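Every number here is computed from the coordinates shown, using simple stated rules; none is lab data. Predicted model, so just to flag it, every value in this text is computed and none were measured. So basically every Cβ, Gly included, is an ideal-geometry build from the backbone, and we count neighbours across all protein chains shown.
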Amino acid sequence: MRTIRLMFRQARLELRAFWRNPAAAFFTVVFPLLFMVVANVALGPSSGGQQQAAEFYTPAIIAFALVTACYTNLAMGVVVARDAGILKRLRGTPLPTWIYLWGRIATSVIVAGVMVAIVAGYGALAYGVYLPGEHLLALAVTLVVGAASFSALGLAISGLVPNAAAAPAVVNATILPLLLISNVLVRIDDGALADIAGIFPVRHLADALSRAYDPAAPAQGFALDSLAIVGAWGVAGLVIALVTFSWQPRR
């Protein structure tokens, strides 16, 4: 019971700290929605109309939001805390270190859930892009697998970043190119770039979310092959995190 109370308390503390940073909250929560609005308006004519653009961008921006919260923000936040000496000091307190990491991950997952609700709600209200009711379980499983896997990858990359000053460059360099070629920010279905994107988990997360939103998709909207690849990347990320994660600042 005490452990559960500590878990909830740490998650609440980290979540409160996140919302008290207006810049982080804006770019994490509002930016994906702004991008969705702009993309639908700007790319709608070339995508067969705003309706078809919205049908593509609703699940795509959900993928973008989840990756931003669970990978980008988590990795940067951990590196900044490490360089500030927070992680080192925590090891000298009674708080179990895994509880601290749980709080960070739980905050990322909660923020991702808020963003998913906002994007999905906007897609439904503004463009009539609805999730088929029978695909709700597929969406939930995809979000859980995606959040767990990208959180593990976020911790993995945090161990490879040398310092807080390098965090934005390193983390964004590992994710932005994939977002551009993985049917998230731009539709790329064929060619060499699509083949490269197929190696990495971002494309498969986007594909799984798109399948969940497709009313004609078989297997109640599940994309088991894509989920397996995302999950495998998550396991690899966890292994790397266990090897490379550091509680000490790197000078």
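Using the Karplus curve 6.51 cos²θ - 1.76 cosθ + 1.60 with θ = phi - 60°, what ³J(HN,Hα) values do you get for each residue of region 87-98, in whole Hz, with x for Gly and Pro?
Karplus-based 3J(HN,Hα) across region 87-98 equals 5, 5, 5, 4, 5, x, 10, x, 5, x, 4, 5 Hz.
As a check on your grasp of the helix formula, calculate [θ] at 222 nm for the chain: sum -39500 (n - 2.57) over DSSP H runs of n ≥ 4, divide by the residue count, round to the nearest 500.
Per the formula, -23000 deg cm²/dmol.
Only Lys, Arg, Asp and Glu count, each charged at its Cβ (+1, +1, -1, -1), so figure out the dipole size of region 181-239 about its Cα centre, rounded to 20 debye.
Rounded to the nearest 20 debye, it is 160 debye.
Mind pulling the per residue volume of the convex hull built on the Cα atoms of region 2-244? Å³ is fine.
134
Can you tell me the orientation of helix 224-244 relative to the chain, as the angle in degrees between its alpha-carbon axis and the longest Cα principal axis, to the nearest 10?
So the helix axis and the longest Cα principal axis differ by about 20 degrees.
Cα axis of helix 2-19 to longest principal axis of the chain: angle in degrees, 0 to 90, nearest 10?
70
How many percent of all Cα-Cα pairs in region 82-197 sit more than 24 Å apart?
Tail of the P(r) past 24 Å holds 46 percent of the pairs.
Relative to the longest principal axis of the C-alpha atoms of the chain, give the angle of the C-alpha long axis of helix 201-213, reported between 0 and 90° and rounded to the nearest 10°.
50
One quarter of the convex hull surface, Cα atoms only: what value does that give for region 1-133 in nm²?
Projected over every direction and averaged, the Cα hull of region 1-133 covers 9.9 nm².
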